[in-house]
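The values are calculated or read from the model by the stated rules, or taken from the named source; none is laboratory data. In this text the structure is predicted, and so the values were computed from the model without any measurement. Every residue, glycine as well, gets a Cβ built from its backbone with ideal geometry; the counts of neighbours run over all protein chains shown.
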Amino acid sequence: MTTYHREHYLRDVGILLASIGLAIVLRETGALSWLLQKAEQVSYLASFVVGAFFTSLFTVVPATAAIAELARTGTPIMHLAFIGGAGAMVGDFVLYLLLREALAEPLLMLVQTSGTDRLKRFVRRGRHRFIGTLLGAVVIASPLPDEVGLLLMGFAKAKWYTTLMITYVLNAAGIAIVALAARSF
């Protein structure tokens, strides 16, 4: 790894760690709760903000609780799903761009320079694109953190429009399921 790549990698890891630290500070100081309370006054904004927070490992729990509360207080489920899905799509896309540049591209370069011959051929022929995108979508649809799925999609070099479409549909469906479950209890 050249000095340039090492510095680039360290800078990207630093940015990622700073964003994780910011998420923890927002949660621990109550700023996230305050923001959600203010957003509840306008249901469209609340749906979008809650959707954006529905994407990260660090904010999914309070976002799920907020989705359930919005559903219980009468926000239409489809409204919550469609607008919340848009917020989740934006949040996931920002995470995708960060993870792709900070982790996926250096990992792909590492595989191409020091991986086994079989792995190098697999990556060179582009077979990792479909498989990585598919596995990323499965992870996003599962209860696992979206960051893992987005990292897989970044490693696969999934097209930005494919990433947007997949994250919107899957997160909108997830938000609708949470809202339906909240209404039924």
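A few notes on this one:
- Any hit, region 59-68, residues being in contact with a Ser or Thr (Cβ under 6 Å, 6 or more places away or on another chain), aliphatic (A, V, I, L, M), within 19 Å of Ala176 (Cα to Cα) and touching a residue at least 60 places away in the same chain (Cβ under 8 Å): no
- Residue within region 88-110 that is farther than 24 Å from Trp160 by Cα and either exposed (fewer than 14 other Cβ atoms within 10 Å of the Cβ) or of a type in the set (Val, Ile, Thr) (or both) present: no
- In region 21-92, counting only helices (runs of 4 or more DSSP H) that sit wholly within it, the ones holding 1 or more residues that are under 18 Å from the mean Cα position of the chain (by Cα), aromatic (Phe, Trp, Tyr) and at pLDDT 85 or above span 43-53.
Matching residues to (1) of a type in the set (Gly, Ala, Ser); (2) touching a residue at least 12 places away in the same chain (Cβ under 8 Å):
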{"residue": "Arg127", "(1), (2)": "no, no"}
{"residue": "Leu135", "(1), (2)": "no, yes"}
{"residue": "Val139", "(1), (2)": "no, yes"}
{"residue": "Ser142", "(1), (2)": "yes, no"}
{"residue": "Ala158", "(1), (2)": "yes, yes"}
{"residue": "Thr167", "(1), (2)": "no, yes"}
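- Within region 153-185, being within 13 Å of Leu103 (Cα to Cα) and out of contact with any Ser or Thr (no Cβ under 8 Å at 6 or more places or on another chain) holds for Gly154, Phe155, Lys157.
- Among the residues of region 78-113, the ones that are of a type in the set (Asp, Glu) and free of Cβ contacts under 8 Å to residues at least 12 places away in the same chain come to 0 in all.
- Residues within region 144-185 that are over 17 Å from Val50 (Cβ atoms) and in contact with a Gly (Cβ under 9 Å, 6 or more places away or on another chain), tallied: 14
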